[in-house]
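Structure record follows, encoded as structure tokens.
The values are calculated or read from the model by the stated rules, or taken from the named source; none is laboratory data. Treat the numbers as computed from the prediction; the structure is a model and nothing was measured. Glycine gets a Cβ as well: all are built from the backbone with ideal geometry, and neighbour counts include every protein chain shown.
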Amino acid sequence: MEETRPGFGQRLRDNWLELLLLLIFVAALVWIATTARGVWQSVAAVPTETPTALPTATAVQPAGTQPDQPLIQPVRDTFDGQQAARLAANLVDAGPRVVGSDGHTEAVGLLIDELRRNAWGLQQQAFTVDEAQHTNIIARSGSGDIVVIATHYDTSPVSDLDPDEANRATPSPGANDGASGPAVLLELARSLDKGQLNGQVWLAFLDGRYAPTAPDGAVQIADSGANALAEALPETVKAVIWVDLAGGQDQRFTIVPNGDPQVAADLWAVAEQLGYARWFVQEAGATADSSVQVFSDHGQAATAIADPDYTYLRTTSDTPDKLSSGSLEQVGRVLEVYLEQQ
């Protein structure tokens with residue numbers, strides 16, 4: 001006899017308890033996956049502090065900036081006066097940079113290394129004066145008409161202006177007189193936006209500002225490096241700007257009387273727009289600059305940013321502690337903006 005299989009309804013009635021338990025189990029799983037998960041997280045999670053936002057950086061204006069005057073902003077990195085001061089100190093640490101000395105040799109290496117690090121094209125101009133080998137270092141970037149920013153890196157072989165007579169036969173450390181100018185140019189090599197230049201820029205580190213010997217303690221300002229460069233410059237030179245004694249703490253720049261008035265006017269206009277009119281004074285100075293005269297004599301439009309009234313000039317006290325990073329920054333910013341926006 002064939003066995004009759006129970007229908008669906010019969011099976012449901014016979015197994016109602018198992019089905020109920022299954023439904024309860026599924027409901028429990030759904031609850032755990034939703035509501036209970038949130039409850040567990042609120043109870044068991046380790047509380048974490050909300051990160052505190054960093055304070056908004058406040059722009060620090062260079063020394064001498066007048067806040068109520070708008071600043072021209074260079075396109076790329078801004079010239080860093082503190083970095084320039086460090087570069088000047090590094091040069092001084094090499095020792096007096098008298099032609100033929102160990103300090104001079106070390107300084108040449110330092111300048112070349114820094115310029116290569118910032119990817120400038122380099123040329124060394126060797127020349128001899130009284131059997132002493134000299135080296136000008138010229139860094140180049142851009143194309144077209146040339147603006148030369150020139151300085152000297154050598155130092156006086158004696159400290160003939162030192163108030164202590166016992167120190168006068170000692171070479172001057174040359175922090176402001178021989179290191180401040182190169183420091184400004186080296187920092188320009190880092191901060192200038194080469195893609196923004198409207199022409200060529202040459203950064204010229206010149207040797208032989210001073211004759212390497214001082215018979216009877218008499219310093220001779222030879223300007224032999226300036227002469228060597230001026231003789232080699234092409235006709236496409238638009239301007240030559242001599243930078244010297246650029247980092248004094250109480251600096252005051254007047255317009256050299258033997259320079260090109262238009263080049264000076266352009267530079268001093270930038271200084272005024274940057275808020276530096278107190279330090280870049282719109283008046284003719286009393287002292288002609290011998291290096292500017294060299295370039296002028298070769299038909300080149302030249303001027304100078306230099307403070308001839310620096311207290312520690314050619315003394316043993318011309319040391320890095322006499323430099324002001326703010327002063328270096330003022331000079332660097334003026335040149336940076338002039339070169340990028342001329």
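Restricting the search to segment 221-266, which residues are part of a helix (DSSP H, G or I), farther than 30 Å from R278 by Cβ and of a type in the set (G, A, S)? If the condition is that a residue be part of a helix (DSSP H, G or I), farther than 30 Å from R278 by Cβ and of a type in the set (G, A, S), then S224, G225, A228, A230, A232 are the ones that fit.
If you go through segment 126-154, how many residues are over 26 Å from S191 (Cα atoms) and either assigned to a loop (DSSP other than H, G, I, E, B) or of a type in the set (K, R) (or both)? Break it down stepwise before answering.
In the first step, residues of segment 126-154 are kept if they are over 26 Å from S191 (Cα atoms); the result is 126-134.
Cutting the leftovers down to either assigned to a loop (DSSP other than H, G, I, E, B) or of a type in the set (K, R) (or both) gives us 130-131.
The qualifying residues number 2.
Give the number of residues within segment 296-313 that are out of contact with any Phe, Trp or Tyr (no Cβ under 8 Å at 6 or more places or on another chain) and closer than 13 Å to T151 by Cβ. Residues in segment 296-313 being out of contact with any Phe, Trp or Tyr (no Cβ under 8 Å at 6 or more places or on another chain) and closer than 13 Å to T151 by Cβ: 0 in total.
Would you point out which residue out of L197, L233, L229 is over 24 Å from L91 (Cβ atoms) and in contact with a Leu (Cβ under 7 Å, 6 or more places away or on another chain)?
On the way: L233 fails: in contact with a Leu (Cβ under 7 Å, 6 or more places away or on another chain); L229 fails: over 24 Å from L91 (Cβ atoms).
Selected residue: L197, the only one of L197, L233, L229 that is over 24 Å from L91 (Cβ atoms) and in contact with a Leu (Cβ under 7 Å, 6 or more places away or on another chain).
V99 meets all of the listed conditions (1) in contact with a strand residue (DSSP E or B) (Cβ under 6 Å, 6 or more places away or on another chain); (2) more than 19 Å from S159 (Cβ to Cβ) but one, namely (2).
From the list V292, V237, the lone residue that is of a type in the set (V, I, T) and more than 24 Å from A179 (Cα to Cα) is V237. Restricting attention to segment 280-301, the residues that are of a type outside the set (S, T, N, Q), surrounded by fewer than 16 Cβ atoms within 10 Å (Cβ to Cβ), on the phi < 0 side of the Ramachandran plot and part of a loop (DSSP other than H, G, I, E, B) total 2.
Looking for whichever is surrounded by 15 or more Cβ atoms within 10 Å (Cβ to Cβ) and in a strand (DSSP E or B) here; the options are A304, A277. Which one fits?
Working: A277 fails: in a strand (DSSP E or B).
None of the others qualify; the one that does is A304.
In segment 297-304, is there at least one residue being more than 29 Å from P173 (Cβ to Cβ), in contact with a Leu (Cβ under 9 Å, 6 or more places away or on another chain) and in contact (Cβ under 8 Å) with a residue 24 or more places away in the chain? Yes, because at least one residue in segment 297-304 is more than 29 Å from P173 (Cβ to Cβ), in contact with a Leu (Cβ under 9 Å, 6 or more places away or on another chain) and in contact (Cβ under 8 Å) with a residue 24 or more places away in the chain.
Annotation: of all residues in segment 279-308 being in contact with a Pro (Cβ under 9 Å, 6 or more places away or on another chain) and hydrophobic (A, V, I, L, M, F, W, C), the one that is modelled with the lowest pLDDT is A286. Considering every residue within segment 172-194, establish whether at least one is assigned to a strand (DSSP E or B), touching a strand residue (DSSP E or B) at 6+ places or on another chain (Cβ under 8 Å) and small (G, A, S). For segment 172-194, residues assigned to a strand (DSSP E or B), touching a strand residue (DSSP E or B) at 6+ places or on another chain (Cβ under 8 Å) and small (G, A, S): absent.
For segment 266-311, which residues satisfy the criterion of being of a type outside the set (A, V, I, L, M, F, W, C), closer than 13 Å to Q251 by Cβ and over 23 Å from the mean Cα position of the chain (by Cα)? It would help to see each step written out before you state the result.
First, the residues of segment 266-311 that are of a type outside the set (A, V, I, L, M, F, W, C): 266, 272-273, 275-276, 278, 282-283, 285, 287, 289-291, 293, 296-300, 303, 307-311.
Okay, now just the ones that are also closer than 13 Å to Q251 by Cβ, so 276, 278, 285, 307-311.
Those that are of a type outside the set (A, V, I, L, M, F, W, C), closer than 13 Å to Q251 by Cβ and over 23 Å from the mean Cα position of the chain (by Cα): G285, P308, D309, T311.
Please go through segment 111-143 and give me each residue that is closer than 21 Å to S224 by Cβ, touching a Leu at 6+ places or on another chain (Cβ under 8 Å) and among the aliphatic types (A, V, I, L, M), ordered by number.
In the first step, residues of segment 111-143 are kept if they are closer than 21 Å to S224 by Cβ; the result is 111-112, 122-139.
Still in the running and touching a Leu at 6+ places or on another chain (Cβ under 8 Å): 111-112, 122, 125, 136-139.
L111, I112, L122, I137, I138, A139, listed by residue number.
Please determine whether any residue of segment 326-336 is modelled with pLDDT under 95 and touching a Pro at 6+ places or on another chain (Cβ under 8 Å). No, segment 326-336 contains no residue that is modelled with pLDDT under 95 and touching a Pro at 6+ places or on another chain (Cβ under 8 Å). Tell me which residues, restricted to segment 262-286, are in contact (Cβ under 8 Å) with a residue 24 or more places away in the chain and either over 12 Å from V334 (Cβ atoms) or hydroxyl-bearing (S, T, Y) (or both). Those that are in contact (Cβ under 8 Å) with a residue 24 or more places away in the chain and either over 12 Å from V334 (Cβ atoms) or hydroxyl-bearing (S, T, Y) (or both): Q262, V263, Y276, R278, V281, Q282, E283, A284, G285, A286.
Can you tell me which of S172, S141 is over 22 Å from the mean Cα position of the chain (by Cα), of a type in the set (S, T, Y) and more than 18 Å from V294 (Cα to Cα)? Of the residues listed, the single one that is over 22 Å from the mean Cα position of the chain (by Cα), of a type in the set (S, T, Y) and more than 18 Å from V294 (Cα to Cα) is S172. The number of residues in segment 159-171 that are surrounded by fewer than 24 Cβ atoms within 10 Å (Cβ to Cβ) and assigned to a loop (DSSP other than H, G, I, E, B) comes to 9.
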